Structure formats: C-alpha cells, structure tokens
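Novice: Handing you a structure now.
Laboratory data are not the source of any read-out in this text; all were calculated from the coordinates shown. Everything numeric here is computed off the predicted structure, so don't read it as measured data. Neighbour counts are summed over all protein chains in view; Cβ atoms, including those assigned to glycine, are modelled from backbone coordinates with ideal geometry.
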Amino acid sequence: ALSPEPLQIAPRRADKTKQISATYLQLGWHAVPLQSPDMYALDILAQILAGGETGRLVRDLRDRTGLVNDIDVGSYTPNYDAGTFVVTAEMEPKNQAKVEAAIMRAIALVRTQPVTAAELARAKTATRAAYIFGKQGVENQAESAAYDEMGTGNPDFSTSYVDRIQKVTAAQIQAVAQKYLVPQGVTVASVHPPVAPAKSATAVAANAAFPATITTLPNGIRLIVKRSTSAPTVSMVVTGLGGVRLENSAKAGVGNIAAELLTRGTKRRTADELNETVENLGGSLTGSSAYNSWSVDGSWLANDWRKGLSLIAESVLTPTFPDAELRNYKLQTLNEIATQDDEPSGAASRLLRRLYFGSHPYSRSVNGTAATVKSLTRADVESYWNSVVQPDSMIISIVGNINPAEVQKVANYLFGSFKAKAPAPKAPSATVVPPTFTSRAIQREGVVQSAMYFGFPGIVIKDEDRFALDVLDAALSGADGPGGRIFGRLRGEQLVYDANAYSAPGIEKGFFVVYAASTPANRVRARQVIEEELQKARESGFTSEELERAKTMCIASEAIELQTSAQQARNFASNELLGLGYKSTEAYTAQIQAITNEDVIRVAQKYLDRNHSAMAIVEPAKPAK
C-alpha cells in the first residue's frame, strides 16, 4: 500500500519551456480518495466552476474576458490516498499571471461565499444526466459495473453516487473548499514558450533576502532596484506625473496618445525598427497613461537588460511622434470613443465620473473626446510630453536577475544627464467637491442589461483611511474579486449578473464606487438591497467573522498583485511616485490586521454619504407604445 503524502505547508511550483505557441497551466490541490464522503461536494464544486457553458471559470475567464482559450476543473479520486482537485487552462503566454490570479480569487470566493441555489441545482442535474447517458447500452453498463467493483467492491457504486450527489448542500461545498483548497496547499505547473513566465508569490518570498533599494541620480530621477533570482528575466518601469490630471481640457486625450506613440519612433529608430529590435530580444515594450501618471514598461531576458533599459531610455527621452503614427493612433482612439458606450457598464462608469467630478479633470475619459482628439497635432503631443517628463518627478524601477551596482551605473549613464525641456504643467485649479446628491439615467437602444453606478466621497492616495476603506470594500463586495455582503445578497436573490465596490483614490480626492449589472426588471430591487447593506455598514459594521474574512481577502489580494517581477516593479514605482514610498506595501498586512469594526463603521459613516453622492444608470430603451 502507498503511504499517505505528508501535509503540504507551502505553495509549490514547476515551470517548463517548450517550443509551443500557447501556455498550458495547472493549479492543483491534494484532495480525497474514492471512499471519502467529501468526494461528492468536491465533484459538484468542479462542475460549478467549469462544467458546461455556465461554469464560473468558463464564463469569466473564457467568455467574458478572453483570458483563456480553454479551461476545465476535475476532481480526481482514485481508490487510494492520492486524490487531486485540478484546474487546467490554456492561454496566450502574456495572460498567465492574470489567469493564475483569477483562478486563486475564484477558489477564495468558494471558501468565503456559498454557491447559489441555481448553480447547485444545475450541477446536480448535469451530473445526473451524465450518469444516465453513460449507462446507455449493455457494454457501457458492464464496463461501469466492472470499474465500480474494482474500485470500491460495490458494482452498484455509480447508482449510489448519483443519489449522494443529489444530497450535497452549499454549506458542504464551502466546507470542503475551506478544508482542501487552501492557498498554502496549491501546486502550480506550467508549460510555456521560451520566454519565461511570471513567477508566483512563493518565488517572490524566496527573494526576500534581496531588499529593494532607492538612490537618486544627479538630475533628481529616483532609481529603485531589487534583485530577484526567481527567473532569468528583468522587468522595468519608468514613470512620472502626468495623465488626465495634467492635461489641458481642450487637449483631452493627449496623454494617452503621447504614451502610445513613445514606442512608435525615436530619433534613432523608426517604429518598425524599434519593434524588430524588441522582438529580436524576446522582450516587450509598452507605454501607457492613466489619471495621475504616465509609464513605460519593459520586460527582458536577464542577459539583455542593458539593451532593454537603453530602449526604454530612447523611448522616454527621444520620441519623435511621427505624423503617420499620430494619424493612425488618432483614428484608433476615435474608433474606441465611437464604440466605448456600446457596453452599458462602461457607459455608466463614464457617466458617473462626469456627474461626480464635475469640472475636475477626473471627470474626463483617458481617451478624451472625439472633438479634442481630432484637433490634436504633433506639436500638441510634443508640447505635452516635454512638460511631463520632469527628472524630479520621474521614477525608474527595476526588478529581476541583475547586479544592482551595475544597474546604477547603466541607469546613470542613460538617464543621469537628462534635463527638462519645458516647465512642469500646473496642477488643476478645480478642486474635488462631492456633489449634492445627483442622478441621471440614460436609455440606449440595443443594450439588454441595466448598469447602475453609485459614487461616494473618496480619499487622496496618502490618506490613512485607505486601510479601513480597503476592509470595508472587501466586506461589502470582496477584494479584487467577487464576495462580501452586497455580492452575496444580490447573487443569492439572483438579482444581478455582477456587483462590486472599490475605492479609487487620487492625488486629489477620488471616490468610492458601488456598482451592479442587472436586468431592467431587477434594477429597483438591486438598488434597494445595495442601499440596505450600505446602511447596515454605517450603523453596525460587520461581524467578527466577516471582518476577518475581509482582512484575509485584502492581504491575499495584495500578495497576488505582487507575484511577478513586473508587478513588483510597477508597485515600487507607483507608490514612490504618488508619495506613499516604495516600501509602503511591506507594512500593508499589519495595517490591515489592525483595522477594527469601529474603524470600518467610522469610514462607512464618513464616506458613504448619500447626501453627497452621484448615481448613474444606463439601461435599455423602453419600447414605443
């Protein structure tokens, strides 16, 4: 007989490279043998997660987001003590880190929230149907009886199996998830193309002996470096203040266009030459712009990090913004603007920004408007870029298999003598003043869902209330994924397709958002449930169990967001740029653990103020009478 495997007390990982085009991924946990009474709940859970077209992971990762090409979940239960519960997925290599994080969030959700009655009923029906179809024909019946006899000693095991499946409850499913599908028990295995994949939190932890350090170049640029030996790769980010907040309203969208064009031509290389150089290195190079900042990200094999950093310096310091590329990206942006409100959730989100932020730049879209984008010239783009590339507000963050001292020398050579070409743009004159309650509903032809967004007063990025707001967010709707009271009630009553809440702080005060997507018939009831749960949070907060679960979700979400070198590089850069300090994440767990229910009630009363909020609704047009 095989001896039982020892208890797994930490995550494990194995990654292999092969000449293939897709990444194949498995996440597995130790489970149960065929004789275990827990087998039935695990089998139903596998069906709920990926059985048919309505499986949670199929719906969310394949159909809604396109992150995977295929995904499946299986509970393997042999007649000896080596059962496994395995999630298997195929995806584009670039999506691996996102897919791993999404799977872990989905597993965390079933540990913290019961499955719905509808999901449970569907899974039981599917299991019963599979049994009936599998019993057609004498040969199939004989084969089933033989397997049952060999595996269990009972030739009628399959019949009793279906009967016991029908008795599984949502509470039993949650219990087995909590018992077996624990974060420390996961084993991750992947086979991927030659470019190395993102490493997990276990690899990050293994590199704790190499702390991040910060130095300042002669011109004021701050350089953050962290050695990580978990993979032969290097990730780097260069970022600075900019984006929507520092755009001229008449030139809205210029930051987005400028960031896109950084990698489309420099004084040394054309767009094609730059692309070929990056691809020959097996790396990546992208520019982006958001509400408070711009950034250029690059990832390279470790032996090529010097060439990679040189290409980033070239893109940031000597872009040419070619007219042909500008015309192309203006056209792409105009196409995005023309279609961005086709989806009701996005349309409602943008409407909420306009209602809540009024004349402040945060009210605008990153893309700008059709009118402002059409008017942009090369001179506009160049002028904006020269104003936001300021050494004293630039951060370079590099994480990977490198020698920090050598990185310091190369970064100083490439960036150390750069001087600003224009004065920095002025901060917006408008301040964020939460509105007296305002709402607007828009009816659109061709949409079938109702999207409802609530915006409440928010905080600046450095506000100490951010930790209590994170816990409030998680307790209401989960942390970086579904869960919590609002999501649980709305999904439990089958009122919504999706629901969530999040805190969106800014350099100026941001907002706290709650949203739900439902059928038009369920919208009024969904709003009522949301308002009831917000009032409960203001009055009494949450139970000790809910609070601990919310804290766990916050801490787990933060860890997931720091698994890869690229994620760490972005985290260091963003936190340093926005005033938190590059090491601020190190104290996050302790700060979250210190939050009490009284803290949560206080911030709920302070920020979830209906009298100073906005509500945006986008719903289907009513049929003509």
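Novice: Once you list every other residue whose beta carbon is under 14 Å from the beta carbon of residue 534, what net charge do they have if Lys and Arg are +1 and Asp and Glu are -1?
Specialist: Net local charge, residue 534 excluded: +1.
Novice: Given labels modelled 7 Å from the Cα in the Cβ direction, how far is it in nm from residue 593 to residue 279?
Specialist: 5.0 nm
Novice: In Å and on Cα atoms, what radius of gyration and Dmax does segment 210-290 show?
Specialist: Just the Cα atoms of segment 210-290 yield Rg and Dmax of 16.1, 47 Å.
Novice: So, one more: Taking the Cα centre of the chain as origin, work out the dipole magnitude from +1 charges on Lys and Arg Cβ and -1 charges on Asp and Glu Cβ, in debye rounded to 20.
Specialist: The dipole of the chain has a size of about 1660 debye.
Novice: How large is the translational diffusion coefficient of the chain in µm² per second when you combine the Kirkwood radius over alpha carbon pairs with Stokes-Einstein at 37 °C and 0.692 mPa s?
Specialist: 123 µm²/s
Novice: Please list, in order along segment 179-193, the HN-Hα scalar couplings obtained from phi with the Karplus expression 6.51 cos²θ - 1.76 cosθ + 1.60 (θ = phi - 60°), rounded to whole Hz, x for Gly and Pro.
Specialist: Going residue by residue, I get 7, 10, 8, 9, x, 6, x, 7, 10, 10, 9, 9, 10, 9, x Hz, with x marking Gly and Pro.
Novice: Test of the criteria: in segment 395-489, which GluC sites (Glu not before Pro) are in a DSSP loop and have at most 11 other Cβ atoms within 10 angstrom of their Cβ?
Specialist: Loop-located and lightly packed - 445, 464.
Novice: In 10 Å bins starting at 0, how do the alpha-carbon pair distances of segment 333-383 split up by percent?
Specialist: Histogram of Cα-Cα distances, whole percents per bin: 23, 48, 25, 4.
Novice: So which trypsin sites (Lys or Arg not before Pro) in segment 254-348 end up in coil per DSSP with only 10 or fewer other C-beta atoms within 10 Å?
Specialist: For trypsin sites (Lys or Arg not before Pro) across segment 254-348 that sit outside H, G, I, E and B with at most 10 neighbouring Cβ atoms in 10 Å, the list reads 267.
Novice: After finding the eigenvalues of the alpha carbon gyration tensor for segment 438-620, what semi-axes result from the square roots of 5 times each, listed largest first in whole Å?
Specialist: Its equivalent ellipsoid spans semi-axes of 28, 19, 16 Å.
Novice: Quick check: convex hull of the Cα atoms in segment 21-85, volume per residue, rounded to a whole Å³?
Specialist: Expressed per residue, the convex hull around the Cα atoms of segment 21-85 is 85 Å³.
Novice: Work out, step by step, the length gained on full extension between residue 438 and residue 310: first 0.36 nm times the residue separation, then minus their alpha carbon distance; give nm to one decimal.
Specialist: 41.1 nm
Novice: Separate question: What percent do you get for the relative contact order of segment 417-554 when only Cα pairs under 8 Å and 6+ apart count?
Specialist: Relative CO of segment 417-554 lands at 28 percent.
Novice: Sticking with this one: Counting pairs of alpha carbon atoms under 8 Å apart in space and at least six apart in sequence, what relative contact order in percent does segment 204-415 give?
Specialist: It rounds to 37 percent for segment 204-415.
Novice: What size of dipole, in debye to the nearest 20, comes out for segment 438-620 about its Cα centre when the only charges are +1 on Lys and Arg C-beta atoms and -1 on Asp and Glu C-beta atoms?
Specialist: Dipole size: approximately 460 debye.
Novice: How many nm separate the modelled label positions at residue 370 and residue 610, each set 7 Å beyond the Cα in the direction of the Cβ?
Specialist: Label at residue 370, label at residue 610, 3.8 nm between them.
Novice: If we restrict to alpha carbons, what Rg and Dmax does segment 19-136 come to, in Å?
Specialist: Using the Cα atoms of segment 19-136, the pair Rg, Dmax is 14.8, 44 Å.
Novice: Still on this structure, I have one more. If you stretched the chain out fully between residue 116 and residue 229, how much longer would it get, using 0.36 nm times the residue separation minus the C-alpha to C-alpha distance?
Specialist: Net length gain for the segment: 36.4 nm.
Novice: Quick one: compute the contact order of the chain, relative version, from alpha carbon pairs under 8 angstrom and 6+ residues apart, as a percent.
Specialist: Worked out over the chain, it gives 16 percent.
Novice: Any chance you could check the Cα centroid distance between segment 531-606 and segment 485-510 for me, in angstrom?
Specialist: 15 Å
Novice: A further question follows. Largest first, please: the extent of the C-alpha atoms of segment 204-415 along each principal axis, to the nearest Å.
Specialist: 48, 36, 33
Novice: Stick to Cα atoms and the Kirkwood definition of Rh, then tell me Rg/Rh for segment 434-482.
Specialist: Taking Rh as the inverse mean 1/r over Cα pairs, Rg/Rh reads 1.09.
Novice: Hey, what number do you get for the chain at 222 nm if only DSSP H runs of n ≥ 4 count, each worth -39500 (n - 2.57), divided across all residues, to the nearest 500?
Specialist: -13000 deg cm²/dmol
Novice: Moving to a separate point now. Size of the dipole of segment 334-478 about the Cα centre, Lys and Arg at +1 and Asp and Glu at -1 on the beta carbon, nothing else charged, in debye to 20?
Specialist: My answer is approximately 520 debye.
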